[in-house]
Amino acid sequence: MASKPTDDDVPDYVLNNRAQWDAQAGNWVASGEEGWRGEPHWGIWHLPETELHLLPEDMSGMRAIELGCGTAYVSRWMQRRGASVVGIDNSERQLATARRLADEHSVELELLHGNAETVPYPDASFDFAISEYGAAIWADPYRWIPEAWRLLRPGGELVFLGNHPLATVAVDWNLDEPATRSLLNPYFGMHRIDYNEPDGSPSTEFNLPISEWMRLFSKVGFEVIEFLELRTKARNHEQVFFVTADWAYDYPSEQVWKLRKI
């Protein structure tokens with residue numbers, strides 16, 4: 001494996017997001033424990049794997065990597081299906097929870113502290129890569145998508161889930177308020193979104209217009225297997241992060257891309 005980059009080599013948004021996720025890690029312990037115990041479900045609305053089919057049913061003999069693994073419950077789901085799994089995450093404190101849970105469940109995972117834009121593995125090391133949020137929104141797509149392609153063997157698949165671009169343009173990122181039914185930000189030119197958390201600390205998320213995602217995939221060497229736009233099951237007033245279930249019943253709050261390396 002390649003040597004780990006020093007902080008001098010790491011982009012500012014990676015360091016800012018690392019500090020933010022280290023600070024918030026305690027808030028994600030309970031959901032991580034639940035994820036390790038439970039059946040696969042996805043996104044902020046916990047949509048079941050039986051509907052979305054983000055993972056191969058049988059991963060026996062497969063080498064898989066989770067890009068931005070957090071507490072590594074997705075890695076656990078893949079290991080349960082027979083895969084040999086590597087997880088990489090930007091937050092050492094999130095990984096501490098993942099390592100504890102791996103020990104408690106007697107599960108062998110390789111967990112790395114690092115940035116999914118520069119993964120210390122050789123070309124063509126994996127059959128399958130996945131990111132539920134993680135790299136999907138916290139890493140620069142112009143960096144992490146080519147890196148995921150590099151890591152996969154020919155015919156290998158990348159699946160990722162993150163915020164839908166429509167939700168991104170309907171939020172005032174400077175206010176701690178849910179998405180509106182008005183467009184507040186430009187759609188074209190969307191890429192890096194810098195904002196401050198409620199405590200004033202900086203964070204950065206990323207997204208692209210759908211056409212730009214497709215252009216990037218084609219340029220890098222991925223073909224699109226399937227594109228999903230996710231919604232809630234029922235209209236109500238529940239709010240999760242920056243969207244309400246009422247909003248997410250009418251508009252897609254999340255997107256899923258399923259890709260294959262050409």
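For this structure, a couple of remarks:
- Some residue of segment 228-248 being loosely packed, with under 14 Cβ neighbours inside 10 Å, closer than 20 Å to Leu151 by Cα and not β-branched (Val, Ile, Thr): no
- Within segment 191-204, the presence of a residue that is in contact with a Pro (Cβ under 7 Å, 6 or more places away or on another chain) and of a type in the set (A, V, I, L, M, F, W, C) is excluded.
- Entry remark, segment 105-117: residues being farther than 18 Å from Ser131 by Cβ and either in contact with a Leu (Cβ under 9 Å, 6 or more places away or on another chain) or touching a residue at least 40 places away in the same chain (Cβ under 8 Å) (or both) number 2 in total.
- Matching residues in segment 52-62 - criterion: being out of contact with any Leu (no Cβ under 8 Å at 6 or more places or on another chain) and either surrounded by 20 or more Cβ atoms within 10 Å (Cβ to Cβ) or of a type in the set (Ser, Thr, Tyr) (or both): Leu55, Met59, Ser60
- Among the residues listed as Glu39, Glu51, Glu66, the single one being within 15 Å of the chain's Cα centre (by Cα) and among the acidic types (Asp, Glu): Glu66
- When restricted to residues that are surrounded by 10 or more Cβ atoms within 10 Å (Cβ to Cβ) and touching a residue at least 60 places away in the same chain (Cβ under 8 Å), segment 181-190 contains 0.
- Filtering Val29, Val14 for residues that are in a helix (DSSP H, G or I), over 16 Å from the mean Cα position of the chain (by Cα) and over 16 Å from Gly82 (Cα atoms) leaves a single hit, Val29.
- Residue ranges of strands (runs of 3 or more DSSP E) in segment 190-234 with at least 2 members hydrophobic (A, V, I, L, M, F, W, C): 222-230
- Test for Gly82: is it surrounded by fewer than 24 Cβ atoms within 10 Å (Cβ to Cβ) and either among the aromatic types (Phe, Trp, Tyr) or farther than 24 Å from Pro48 by Cβ (or both): no
- The one condition from (1) among the small types (Gly, Ala, Ser); (2) touching a strand residue (DSSP E or B) at 6+ places or on another chain (Cβ under 8 Å); (3) surrounded by fewer than 19 Cβ atoms within 10 Å (Cβ to Cβ) that Ser253 does not meet is (3).
- Flag for Gly134 being crowded, with 22+ Cβ neighbours inside 10 Å, of a type outside the set (Phe, Trp, Tyr) and at positive phi: yes
Bear in mind that the values in this text are calculations on the coordinates, not laboratory data. Source: prediction; values computed, not measured. For neighbour counting, all protein chains shown are included, and Cβ atoms are generated from backbone atoms with ideal geometry for every residue, glycine included.
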